[in-house]
Every structure is written in structure tokens, then in C-alpha cells.
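S.K.: I have a structure here, written as C-alpha cells, and I will follow up with some questions on it.
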Amino acid sequence: MNATTPHTDDFVVRRSVFLGLSILLTATGFVLMLNSYSGQTLFWEDYVCIGVFPLLFSQIAVGFILALFGFFDRLRGGDPHHLMRRPWREKEDSIPLAATAIVVPVYNEEVDRVSKGIANMWRSLEKTGQLEHFDFYICSDSTDADHWVEEECAWLSLCQTLNAFGNIFYRKRRHRINGKSGNVADFCRRWGKRYRYMIVLDADSIMTGPTLVRLVRAMEANPEAGIIQTQPYSVLGQSLFRRVLQFSGKVYGGLFSQGCSMAQMSSGSYWGHNAIIRVAPFIEYCDLPLLPVPDPGKRHVLSHDTVEAALMRRAGYGVWIAYAEPGSYEEGPPNLSDMLTRDRRWCAGNLQHFWFLFAREIEMGSRLQIWIGLMAYLCSPLWLIFLITGSFGAYFRMRFLMLSADPEDLGAATSTGAGLLLALTLALLFIPRLLGILTTLPRARQFGGTFRLLISAFLENLLSFFLAPVLMMFHTLFVLLTISGWQIKWNTQNRADKGLTFTHCLALYGWLSCLGLIVYPIAAFYLGNISLWLLPIVAGWILAPLLAWVTSGRRLGMLFRSWGLFVTPEEVEPPPELQGLDGDTDGEEPATPSPLWVQALLSPYVQAVHLSMVRQGPANGAAIPSRSLVTLRERLILEGPQALNPKEKLRLLWNGETVFWLHQELWSRPGTKLHPGWIQLQADCGKSRLLSHYLMEK
Amino acid sequence: MASINESTVTGNDGEAWNEAYDRTLNFLHTFALSDHAYVSQLAVDLIHEARELHRQDPSRDPTTLVMSHLQNRLTEWLAANLDGENRLRSHLLAIGTIALLLSRVYQTAPTSFLASPPPEELRQALRETLLVTGPDLNVSSMTPRHLDYGPMLQFARQTWHRLDVKELAIALVFWAGVYTVFYWWLSQLL
């Protein structure tokens, strides 16, 4: 271990209070649960409920305690022992900066949005006067040829516009090994030694210059810190779904992060982006180990961040959450379907973390993080089991009571334990939300005013209420798919608020509606009034297609915004770093229908940019293409660009000699020896979006 | 699109030269030169030069001939401007075209494109452009450290690698027994 993270006595007290209160609350719930069964005949379904209950209730208890910690910390004005509040802040401006790389991994992302984000961060850094200490690395894993060629042009455009040659770099990986973590590791292996720190972003991340500078200074002042994670707030939402998410993140999210930071201190979370990392220990200790599973194809850790944080802690470096630092943003999923796509990926990743739960030399705080992450998804199937067995238990009990007709038994069924338990559960669920609103009230003006803040919070709770059963069903499905070994494909996150079609919503969520419409009448028939308990869940299922469809639209989101609902501070006073990123496409020309990648073969400028990025053959030009490559080239020329599949396009683009050869051939062959589509592409080449949007000076 | 010199070319030959002209013009348009008249003039000049070459070798297709001639002119022009006679042709064209783009010749001096001799300022501007595509590698070794997965690994190995039906059946019977005893015990307790 190269560094030691000092733990104060205070830390021990905090952790013991956190764990003690969590256990106490869980035990209270469990006792009330057992009490609600007292004097009754138990069925096997009840034992399942009793077994599952502590696990479910402990999650609610942990969430409540974290919110309580966060609230307490806010009341006292912040944690005096937190890394970002130590004495170094008094002489902050005098701390010199060290070389820092800002790493932006991209994977088939919207290129224009990514490059605008980088340009905004660059300008923001420029204003701080500390730009010389930062370099940007766009590390591409894009598998789409159009994206690749556009990324290269966007990179050149950035360098040209910002005069940033030698400070903004573009790197395209040939083999996409180990996804995003592999991409970052590839950067570390190639250029990591040049930098003391790296700030890892997501393609949609934005951080302001002052925040970036402060993070570097915080690392310089605290050599024991390995990772400082900022709290990224979701911004730029236009669809109702995304605006609701960003509102709830702003009102409640910070409170939980602050609570988590107070409880965990230097064993905090790392979420994989919007965080600064000390490069040397990261290279030395944080390369991800392979999982000990028999299938070699499944040994890669999918969700890298939690494991990297655990390895950093294991090496003796601290992982902190800088919950109070402003100027850290991201974009959330624009609709329910995209959120579920993301959740499926996260679910697979979090379940893999099970292996690290019992690994040796992992710190207690890291184990807690892993456990919380695991339970975030495992709770859904457990909740479903609880509901099913609870309903069956209720049915059997009712039948038993009716048959026995014993007045004492009937009296036992109305035990006060159940009522108390319900009250406690509701309190634990809603008090954190109330605390979030309470801490937001002093800044209500930034949320559209007190009245609108309260209305927004009420509506957000209502939407969460209906969405929770939908998420439960999908998360259960994801857990089952993961356990059964289905591979999870790493999809690009959609960040455009384009809206979902009702047909898509019916196809994806219709089965839930059918389930609700079948289950509830049956439950009502057999359970009578008890079935009312299931009504909120069934209502969520039945409404799922409608909710997904309605909330995905941009128009409704903007209507709510015009009413001042779900407003966030970034909407009231947009920081300059977010300007021009809202993806408003009104009035813009529609995207060109012609493929962009062929510009690398036709346009001399685009080709030149591409050739400068890929390795070309020996200087004597003696490289001989393989027979399959020759066939592929001829097929492209005679059958047109649409004849090639994505892998074939990439194969051609990776070969510099082939790109050059195709350029010559496509322009010099007579029309009779070309696919007719090429003639139109040649005619349109001078009007390509790549030229007008990126390469030509505006 | 205007056809060229209709009086001297006829039939299929005329169509071939029209195609050659269209192709030349389309290719020149890809350089986005801001002086459109100059581009048209350049295309006509190139066609005239290609027709001279065609007379010497009539077997060559006009489009192939004129584009080959244009590429040669471009390569020579860039080589002269960048002192790059010894470079591989594809390297030279890539570097030269990037230099054209970055020095904004297409906008500031469109008429100097393929002009011989080029203005000295242009040569200077082309030579000054430098494309930095990536910093020098500074390679580090990043390999995973050994991690002992603890008791779960032992458990997993024993269940995954030595799984047989008999053992599975014994395990199922064992746990069924445990659950039954547990059920009975809880029934007595509650």
C-alpha cells in the first residue's frame, strides 16, 4: 500500500451509527411483521414472506438512514472532515496544478453533441487560465463506420476552431476489448504516464472549468485521495420523463449522496464518470481482474466503477464523493424504454459484483457499496415473490378463517402489528422525500417557486408510484435473464428526446397491461377487499404503455416547463457550459440520407483526415492486399456502399492503402464500371454535411 | 451540365467526354473552392489537356484519363509546395490535402489551387500547417493484480466443476430436509 487514508474516531462512530440504526429499523420492522402473524395459523407462503421481508425492509431502512444522515449534514452546514472542506481550501488558488487528461470514451454517440460539449468545457477551462494543464482524449470504440468518420472530422473541427492541436486527441481502438473500462485502460497504457490525474467523463458529461481545476487541486492537496467523484446532475431534458428524472435527482439525489458521503467518508462510491482519478495507483492496482467463471466469454467485469473503487480502497487510497461541488452534469435517459435498456446493463454488472462481496482484502465500505448495488436489483424479484406468496397466504388464511369460523381467529386477523408496520414502511419511504423537499425549499425560487416545487414533487411521487411496479417486473426479468446466462449487449445510450411510438409502447409494455387485467379480477374474486392492496401495483401495470408513451414526448415535457413544473436551477439559469447542447433540432435541415463513411473514400479532405489517423503501409507502398480484401473492394465498387455489412465497412476503413486505392478507383472508373449509386454520391460529395458542418470554416 | 466542344466530339465519344467533364467538375467541387468560375475554367482546361493525351493513346477511357491526369497534377503540385517528392503518393496527398484544408486555401486563395507556380505565401502557409494526431506513446504496464475471491470461489468451483446428478440429488434431498425441519420449528415457535 502506497498511501494511507486516515480514519478518525468520528468515522468509527458514523459507521456504527449507520449500521446500528439500519439493523435496529430492520429488526423493528421484522418484529412488527412477526407480530402481525401472532395467533394465526401459518402457511408455507407466510414463511417465504417472513424470510424475504428482512431483506426488503433493510433496503428501505438503509435508504432512510442515508437520507437522515444527509439531512443532518445539511443542517450542520456540511461535513467538517470531508476532503473538500479541509484547510487546503483556504489557500486553494495558490496550489499549482499537475498534468491532467480529460478522457472522453465514446461509443456510437451523437458526434455533434459530444464535440459541442468538449468545446464548451475547453472554453470554460480557458477562462480559468489553467488550460495549459489539461489535455482532452476522445477515445472512440464506435462500431458504426458513419460515426467513426464523423468523429474524425469533428475532432479536426474542434482542433481548428479552438486552436487545440496537440491538446485534443482522437484515438480509435481497433479491437473493442472490455468495453468502456478497456477503453480507459487502453488510454492508461498508452499515455497514462504523461499525466498525474485523469478525469473520466461519459460522452454526455459536462463539467465546468472551475470544477475541473478544483478537483485537480483537491488531489494535489490530498495525496491519499485516489478518486474524487462529483455528483453529476441530469440536465438538458426536454421529454417529460427526463425532466421528471432531473427534477427528482436535484431535489432528492443530493441528499442521499451527502448521506452516503457522511456514512462512508473515504470509502465512497465511484460511478465511472465525472470523477478525477490518480493515474499511477489506478494503473498499478485497478486493472480489473477476470471473474472466476467457467465460460471465458463471461469473465469480463461489465460494470467496472464499483470494482475499481474497491480496488483503489484496497490499495489504500481514498474514494470520496464531492457531493457539494457544482458544475458537474450528465444527461439521463429520455424515456422509460431507454432507462430500462440502461438498467438491464447495470443489472448484469451489479449482479456480477457478487463475486467481490466475499473477496479477501476488500474493505468493509466497499463491500457495503457492492451489497447496496446488488440489492438494488435483487429487491425486485424478492418484492414480487413477497407479493405473490403474500397474496396466496392471505387467500389460504381467509379460507381457513371462514371454515373455522372461530371468533378468536377472526380477531387475530385484525392485528395492530400490520397497521403499525404499514405506517412504519410508509414513513421510511416518504420521509426521505419530505426531507429532500424541505432542504430544497430555501432555494424554491430556482425550482419555479414554492407552490410549483410542491406541485412538481407531488406529481413526481405520483409518477414514481405508478412506475415502481413496472420497474419491479422488468428488473425481475433482467435478474432472471442475467442469472440464466443471457449475454447483455452494451447498447449506446439514446440521449435524444425523440419520443416513443404508441405501437412500440404497446409491444414492450402491453404484456404488463394484460397481466394486470387478468390478475386483478382473479385476485378480487378470491381475496375480496384484501385485493385492494394489489390495486396500486396492478394500476401501474395496466397504465404502463400509456405512461411510457405520454412521458417520452418532448411536447408534454416542454408544456410542463412552460407551466413552471419540474423546473431545475439549470433551466432557470443555464450555465454557459450547457449552452447550445439542448439538441433542439427545430429549423435545422434533416440529416443527410447518404452514408457519411463513403466520404472517407470520396472526399479528398475527409479521406486525408482519415488517412492521417489510421496506419498506412510501408513507405515503398509494397503492401499487397489479401484476396478477400480485393474481392471486398470490387464488391463495394460494383454493388455500391449498401452492399457491405458494418464489419466489412470497418475492415475497409482500417486499411489505409485500400481507402486510398478506392478513392482513386471510384473517381477514375467510367460510370459503366461503377454501381449507379456512386455517380450520385460523387455529385453530392461537395455538399456533404461533414464538409459544411465540421471541416469548412464557418 | 454543359457539354464541351460539341463540334469536335460526336456520338458515344461525346457522351464519354461529357461524363469525364462532369466527373472532373464533381471532383473539383469536393475541394470547396470559393471561386466557382475558376473551378469551371480549371475543369475545361483539364479536359483540353486530357484530350491531347487521348489523341496519343485513344484506347484509354476519357474519364479515367482525365481523372488520372488530375490526380497527377495534384500530386505534383502538392509535392512542389511541400517539398515532398520522396514521399509515398498516398502520404503526400493526405498531408497535402490536410494542409490545404487547414491553411484555408479554398477560401483565401482559391485561384492558386493547381496554379503553377503557386504564390510564395501559399507555399509558406502549406508548409506551416501541422497536424498533431496524437502524443508520443508513453507505455505503461497495466495488469490485474491477484484477487482472492474467497470462500465463494471454492464453493463455486466445487459446484460447477464437479457437478453430477447423484450429488445434485443428495443436495436436493438434504435441503428439502432442512426446509422441512425449519418449517416445523417455525410452526411450533409462532
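The values are calculated or read from the model by the stated rules, or taken from the named source; none is laboratory data. The shown structure was predicted, so the numbers you read here are calculated from the model rather than taken from an experiment. Cβ: placed from backbone, ideal geometry, glycine included. Neighbour counts: every protein chain shown.
S.K.: Which members of the stretch A:652-663 meet the condition of being over 11 Å from residue A:602 (Cβ atoms) and part of a helix (DSSP H, G or I)? Full working, then the answer.
M.R.: So the first thing to find is which residues in the stretch A:652-663 are over 11 Å from residue A:602 (Cβ atoms), and the list is A:652-658, A:660-661.
A:652, A:653, A:654, A:656, A:657, A:658, A:660, A:661, listed by residue number.
S.K.: Can you tell me how many residues within the stretch A:606-642 are more than 14 Å from chain B (Cβ to nearest Cβ) and either modelled with pLDDT under 85 or on the phi > 0 side of the Ramachandran plot (or both)? Before the answer, list the steps.
M.R.: First pass over the stretch A:606-642, keeping only residues more than 14 Å from chain B (Cβ to nearest Cβ): A:624, A:626-636, A:638-642.
So of that shortlist, the ones also either modelled with pLDDT under 85 or on the phi > 0 side of the Ramachandran plot (or both) come out as A:624, A:640.
The qualifying residues number 2.
S.K.: Sticking with this structure for a sec: So in the stretch A:353-370, with the set limited to residues that are part of a helix (DSSP H, G or I) and hydrophobic (A, V, I, L, M, F, W, C), which one is nearest to residue A:66 (Cα to Cα)?
M.R.: Residues of the stretch A:353-370 that are part of a helix (DSSP H, G or I), as a first pass: A:354-357, A:364-370.
Remaining after also requiring hydrophobic (A, V, I, L, M, F, W, C): A:354-357, A:364, A:368, A:370.
Details: A:354: 22, A:355: 25, A:356: 23, A:357: 21, A:364: 17, A:368: 13, A:370: 16 Å.
Out of the qualifying residues, it is A:368.
S.K.: Same structure again: Conditions first: (1) surrounded by fewer than 16 Cβ atoms within 10 Å (Cβ to Cβ); (2) out of contact with any Leu (no Cβ under 9 Å at 6 or more places or on another chain). Residue B:60 passes all but one, so which condition is the exception?
M.R.: Against the list (1) surrounded by fewer than 16 Cβ atoms within 10 Å (Cβ to Cβ); (2) out of contact with any Leu (no Cβ under 9 Å at 6 or more places or on another chain), residue B:60 comes up short only on (2).
S.K.: So which helices (runs of 4 or more DSSP H) stay within the stretch B:94-168 end to end and still have 2 or more residues that are modelled with pLDDT under 80 and facing chain A (nearest Cβ under 8 Å)?
M.R.: Details: elements: B:105-108, B:120-128, B:151-160.
Output list reads B:151-160.
S.K.: For the subset of the stretch A:141-172 comprising residues that are within 14 Å of chain B (Cβ to nearest Cβ) and of a type in the set (Asp, Glu), which member is surrounded by the fewest Cβ atoms within 10 Å (Cβ to Cβ)?
M.R.: The selected residue is A:151.
Conditions (1) among the polar types (S, T, N, Q); (2) in contact (Cβ under 8 Å) with a residue 24 or more places away in the chain; (3) touching a Cys at 6+ places or on another chain (Cβ under 9 Å), marked per residue:
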site: A:28; (1), (2), (3): yes, yes, no
site: A:43; (1), (2), (3): no, yes, no
site: A:55; (1), (2), (3): no, yes, yes
site: A:75; (1), (2), (3): no, no, no
site: A:81; (1), (2), (3): no, yes, no
site: A:99; (1), (2), (3): no, yes, no
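S.K.: Of all residues in the stretch A:193-245, how many are more than 14 Å from chain B (Cβ to nearest Cβ) and part of a loop (DSSP other than H, G, I, E, B)?
M.R.: Going through the stretch A:193-245, the residues more than 14 Å from chain B (Cβ to nearest Cβ) turn out to be A:197, A:199-245.
Now restrict to residues that are part of a loop (DSSP other than H, G, I, E, B): A:201-205, A:208, A:222-224, A:231-232, A:235-239.
Count: 16.
S.K.: Determine whether the stretch A:241-249 contains at least one residue that is closer than 29 Å to residue A:556 by Cβ and of a type in the set (Lys, Arg).
M.R.: Looking only at the stretch A:241-249, we keep the residues that are closer than 29 Å to residue A:556 by Cβ, and these are A:241-249.
Adding the requirement that they be of a type in the set (Lys, Arg) leaves A:242-243.
For the stretch A:241-249, residues closer than 29 Å to residue A:556 by Cβ and of a type in the set (Lys, Arg): present.
S.K.: Can you report the number of residues in the stretch A:283-302 which are within 11 Å of another protein chain (Cβ to nearest Cβ) and assigned to a helix (DSSP H, G or I)?
M.R.: 3
S.K.: Right, something else. What residue, among those in the stretch A:173-191 that are of a type in the set (A, V, I, L, M) and within 11 Å of chain B (Cβ to nearest Cβ), is surrounded by the most Cβ atoms within 10 Å (Cβ to Cβ)? Working first, answer last.
M.R.: Going residue by residue through the stretch A:173-191, those that are of a type in the set (A, V, I, L, M) are A:177, A:184-185.
Now drop any that are not within 11 Å of chain B (Cβ to nearest Cβ), which leaves A:184-185.
Details: A:184: 26, A:185: 24.
Checked the stretch A:173-191; the qualifying residue surrounded by the most Cβ atoms within 10 Å (Cβ to Cβ) is A:184.
S.K.: Mind checking whether some residue in the stretch A:643-657 is over 39 Å from the mean Cα position of the chain (by Cα) and either within 14 Å of another protein chain (Cβ to nearest Cβ) or buried (at least 16 other Cβ atoms within 10 Å of the Cβ) (or both)?
M.R.: First, pick out the residues of the stretch A:643-657 that are over 39 Å from the mean Cα position of the chain (by Cα): A:657.
This time we only want the ones that are either within 14 Å of another protein chain (Cβ to nearest Cβ) or buried (at least 16 other Cβ atoms within 10 Å of the Cβ) (or both), so: A:657.
Yes, because at least one residue in the stretch A:643-657 is over 39 Å from the mean Cα position of the chain (by Cα) and either within 14 Å of another protein chain (Cβ to nearest Cβ) or buried (at least 16 other Cβ atoms within 10 Å of the Cβ) (or both).
S.K.: Determine, yes or no, whether residue B:54 is without any contact (Cβ under 8 Å) to a residue 12 or more places away in the chain, closer than 24 Å to residue A:609 by Cα and touching a helix residue (DSSP H, G or I) at 6+ places or on another chain (Cβ under 9 Å).
M.R.: Working: without any contact (Cβ under 8 Å) to a residue 12 or more places away in the chain: yes; closer than 24 Å to residue A:609 by Cα: no; touching a helix residue (DSSP H, G or I) at 6+ places or on another chain (Cβ under 9 Å): yes.
Criteria not met by residue B:54.
S.K.: While we're here: Only one of these is of a type in the set (Asp, Glu), in contact with a helix residue (DSSP H, G or I) (Cβ under 7 Å, 6 or more places away or on another chain), touching a residue at least 12 places away in the same chain (Cβ under 8 Å) and not in a loop (DSSP other than H, G, I, E, B): A:305, A:343, A:338. Name it. Break it down stepwise before answering.
M.R.: Numbers: A:305 fails: in contact with a helix residue (DSSP H, G or I) (Cβ under 7 Å, 6 or more places away or on another chain); A:338 fails: in contact with a helix residue (DSSP H, G or I) (Cβ under 7 Å, 6 or more places away or on another chain).
Being of a type in the set (Asp, Glu), in contact with a helix residue (DSSP H, G or I) (Cβ under 7 Å, 6 or more places away or on another chain), touching a residue at least 12 places away in the same chain (Cβ under 8 Å) and not in a loop (DSSP other than H, G, I, E, B) holds for just one of A:305, A:343, A:338, which is A:343.
S.K.: Something else now. Would you pick out the residues in the stretch A:83-127 that are over 20 Å from the mean Cα position of the chain (by Cα), part of a loop (DSSP other than H, G, I, E, B) and crowded, with 16+ Cβ neighbours inside 10 Å?
M.R.: Correct list: A:95, A:97.
S.K.: Would you pick out the residues in the stretch A:128-148 that are outside any helix (DSSP H, G or I) and over 26 Å from residue A:690 (Cα atoms)? Write out each step before concluding.
M.R.: Taking the stretch A:128-148 first, the residues outside any helix (DSSP H, G or I) are A:129-130, A:134-144.
Within the stretch A:128-148, A:129, A:130, A:134 qualify.
S.K.: Is it true that residue A:272 is on the phi > 0 side of the Ramachandran plot and in a loop (DSSP other than H, G, I, E, B)?
M.R.: Values: on the phi > 0 side of the Ramachandran plot: yes; in a loop (DSSP other than H, G, I, E, B): yes.
For residue A:272, the condition - on the phi > 0 side of the Ramachandran plot and in a loop (DSSP other than H, G, I, E, B) - is met.
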